[in-house]
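The values are calculated or read from the model by the stated rules, or taken from the named source; none is laboratory data. Everything numeric in this text was worked out from a predicted model, so none of it was measured. Cβ coordinates were reconstructed from backbone atoms using ideal geometry, including for glycine residues, and neighbour counts include every protein chain displayed. Side chains are part of the model used for accessible areas, which takes the heavy atoms of the whole protein and leaves out ligands, DNA and RNA. Shrake-Rupley method; radii C 1.70, N 1.55, O 1.52, S 1.80 Å.
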Amino acid sequence: MYKIYYKEIEKVETLPNNVMEYLNEYKNQERYNQSINAWKLLFEKLNSDFNIKLENCEIKKTSNGKPFIDGIHFNISHSKNLVAIIISDAECGIDIQHIDSKTNHCLMAKKVLSSEELEIFNSISNENLKREYLAERFSVKEALYKADNSYFNYDKISVLNDANGKPYLKYINGHVSIAHDNDMVCAFVILVV
């Protein structure tokens, strides 16, 4: 079971004290605004859809800084004016990215794509489709890393498509989904144990 939610960023004044304590670590105002919106969305959806009150939960951090709440698998992402969250019954990750037309996608591809993906990337002649392909793979790998931070060698991970076009992680047991619209891409990963 999983649920995904997203929304545009709005002005948020405050949240429960335990969340505000966590968010006060942010020094960058844009990241703070993105994060407070994501946590507000998480707060609302845990309450309305799962009958869980965030103010009654202890927010903890893993050794690499990922926030977690005992018994609740969730992940947060934000980019530009959008925030997205996933709530699941298994380890999960979500990533939302702005597809930047100014990024040197050929240089980035060599750092991020596996040899199989790089072969596909190099066969794409349309520059916009190349950017989309790279952004999709990068977003899936970011979501995978958020689900399990042992997957940090992005160029060793392959996100391929089956005969029907459905994306999958080669040699990793998990569910993957990718969506994009104009200059945004969103991907999520749910690991299967």
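Below is a table of values for the structure above.
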read-out	value
Karplus (6.51, -1.76, 1.60) ³J(HN,Hα), θ = phi - 60°, over region 73-83, in Hz, Gly and Pro reported as x	9, 8, 8, 10, 9, 8, 7, 6, 9, 10, 10
Å² per residue, accessible surface of region 1-90 at 1.4 Å	57 Å²
Accessible area of THR62 in the full protein assembly, 1.4 Å probe (Å², nearest 10)	50 Å²
Euclidean distance between Cα centres, region 68-86 to region 17-32, Å	14 Å
Over region 1-55, volume per residue of the alpha carbon convex hull, in Å³	87 Å³
Dipole of the chain [Lys/Arg +1, Asp/Glu -1 at C-beta], most positive-end residue of ILE87, ASN153, THR14	ASN153
Chymotrypsin sites (Phe, Trp or Tyr not before Pro), loop per DSSP, at most 12 other Cβ atoms within 10 Å - longest free stretch of the chain	1-151
Length-normalised contact order of region 100-164 in % [C-alpha pairs under 8 Å, at least 6 apart]	43 percent
Residue among LEU107, LEU46, LEU82 with the largest mean-square fluctuation in a Gaussian network model of the chain, springs linking Cα atoms under 10 Å	LEU107
Accessible surface of region 90-160, 1.4 Å probe, proportion on carbon and sulfur as whole %	49 percent
In region 41-119, GluC sites (Glu not before Pro) in a DSSP loop with at most 11 other beta-carbon atoms within 10 Å	GLU58
Average projection area in nm² (convex hull over Cα atoms of the chain, one quarter of hull surface)	11.7 nm²
Area of ARG31 that stays accessible when all protein chains are in place (1.4 Å probe, Å², to 10)	110 Å²
FRET E, pair SER125, GLU8, Förster distance 41 Å, beta-carbon r, rounded to 0.05	0.75
Extension gain (nm, one decimal) between GLU91 and THR62, 0.36 nm per residue minus Cα-Cα	9.1 nm
